[in-house]
Ligand SMILES: [Zn+2]
């Protein structure tokens, strides 16, 4: 049996940017982000600035320093317009963790060991507290396909899965190659896993990129491969999103049934809507 790692030491820095969770009492998913800002200090300032209207529950700096800005009981504002399976108010359902990283414009430097170690220890504590399964530890890019690309292709999902905190597939391309092109069933399997995207040519390209960053990061930007399709199919078979959703509120899709991501309804309590931007604004 795995020994529980010591939780990271946490520095409390209160952000005013939060509200009550809606339609759900407890978080049931965890979202991982990178800050896309030049320093952790600037990110911390922004996440605590009422004018910015963004926040997260945690920020982990490059040295592993861990800051809590919003109580886990409260709804932080980190996901923006996002959806996973039937959940469309991702902020109400999730805990948001920001990793300080200057992002693609700075060449997306690798996440330092100390930062990843602190993340794993934090995940251990948070997942134990709320009984959040590994399949519900996700990246921002998983729930905001085409809009967000963090935590990016350098984020070590495989390592996280090895530690029990995420899902990962080792599947390789079948040999001989299947008769169908790899794209054919990719959308269906992704939907079963929880992904939502726009059913257009561009929307499908966005989905392929999101799936690559998550399950075949070495293929990011390449055409969809049989290996990627095999991995997504395996994960969808083992972790269909509906299994984790029975306690969640369900919002039916719009009348057309074709648009997979809907905008949040403005004017709800707690001052607000989720701004359509966050720290990692493109
Ligand atoms: Zn993000």
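If we count other beta carbons within 10 Å of each Cβ, what is the order of 148, 192, 154, fewest first?
In order of increasing Cβ crowding within 10 Å: 154, 192, 148.
Once you place label points 7 Å from the Cα toward the Cβ at residue 49 and residue 199, how far apart are they in nm?
Modelled inter-label distance: 4.1 nm.
How would you rank 117, 218, 89, 142, going from fewest to most other Cβ atoms within 10 Å of each one's own Cβ?
Fewest-to-most ranking of 117, 218, 89, 142: 218, 117, 89, 142.
Obtain the nm distance between the two label points defined at residue 25 and residue 12 by a simple spin-label model: each point lies 7 Å from its Cα along the Cα-to-C-beta direction.
Inter-label distance under the simple model: 2.4 nm.
Which of the three applies to the stretch 152-234, rounded, prolate or oblate, going by the alpha-carbon gyration tensor with a ≥ b ≥ c and a/c under 1.5 meaning rounded?
In terms of gyration-tensor shape, oblate.
Classify the stretch 1-168: rounded, prolate or oblate, from the alpha-carbon gyration tensor (a ≥ b ≥ c, eigenvalue square roots; a/c under 1.5 rounded; otherwise prolate if a/b is larger than b/c)?
Here the stretch 1-168 falls in the rounded category.
Quick one: Cα centre-to-centre distance for the stretch 127-170 and the stretch 92-126, in angstrom?
11 Å
Test of understanding: what is the full-extension gain from residue 105 to residue 63, defined as 0.36 nm times their sequence separation minus their Cα-Cα distance?
Working it through step by step, the gained length comes to 13.0 nm.
Mark the label point 7 Å from the Cα of residue 173 along Cα→Cβ and return the residues of the stretch 192-211 whose backbone N is within less than 20 Å of it.
Within reach of a label on residue 173: 205, 208-211.
Return 226, 18, 57 ranked ascending by Cβ neighbour count within 10 Å, so the fewest neighbours appear first.
In order of increasing Cβ crowding within 10 Å: 226, 18, 57.
Rule-based calculations on the coordinates, nothing more; no lab input. All values derive from a computational prediction rather than experimental measurement. Using ideal geometry, Cβ is built from the backbone for each residue, glycine included, and neighbour counts are taken over all protein chains shown.
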